[in-house]
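Dropping a structure here in structure tokens format, bear with me for questions.
Values quoted throughout were computed directly from the atomic coordinates according to the rules given, and no laboratory measurement underlies them. For clarity, every value in this text was computed on a predicted model and none was experimentally measured. Here Cβ is always computed from backbone atoms with ideal geometry, including for glycine, and neighbour counts include all displayed protein chains.
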Amino acid sequence: MECDLVSLRGTAAWLSPLAIVMTEDVRGFDPGGFIELSRRVGAELVVLPSEDVSDAALAAMVTTALDIAQRARAE
């Protein structure tokens with residue numbers, strides 16, 4: 001699901017995602033806040049260097065994040 005920064009916290013709390021994906025530029029707005037949000041909802045934070053990441057690289061990063069989050073929630 002896609003959302004803007006204004007609704008990110010509420011959306012993440014409502015959906016409880018396994019991963020939160022954003023670019024490095026977006027993370028730069030509030031790095032500590034995004035880390036705290038991801039910890040609070042039990043999601044892995046996936047930070048892309050830019051929007052020009054290949055589909056294969058994006059799939060690999062998200063798959064890894066999902067595996068980590070699922071294992072953490074199972075513990």
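Please tell me the relative contact order of the chain in percent, rounded to the nearest whole number, where contacts are Cα pairs under 8 Å and at least six residues apart. If you can, show how the numbers build up before the last one.
Values: 71 pairs, mean separation 25.8, N = 75.
Worked out over the chain, it gives 34 percent.
On full extension of the chain, what length is gained from residue 52 through residue 35, given 0.36 nm per residue of separation minus the C-alpha to C-alpha distance?
Numbers: separation 17, 0.36 × 17 = 6.12 nm, distance 2.28 nm.
Once the chain is fully extended between residue 52 and residue 35, it gains 3.8 nm.
One quarter of the convex hull surface, Cα atoms only: what value does that give for the chain in nm²?
Working: hull surface 19.4 nm².
Computed as one quarter of the Cα hull surface, the answer is 4.9 nm².
Counting only residues 5 or more places away or on other chains, whose amide H sits under 5 Å from the amide H of residue 48 once H atoms are built in the peptide plane?
It is 22, 23, 24, by chain and number.
GluC sites (Glu not before Pro), restricted to the range 1-71: which are DSSP loop and have at most 11 other Cβ atoms within 10 Å? Display every interim value, and only then the final one.
Details: sites: 2, 24, 36, 44, 51; in loops: 2, 51.
Listed in order of number, the matching sites are 2, 51.
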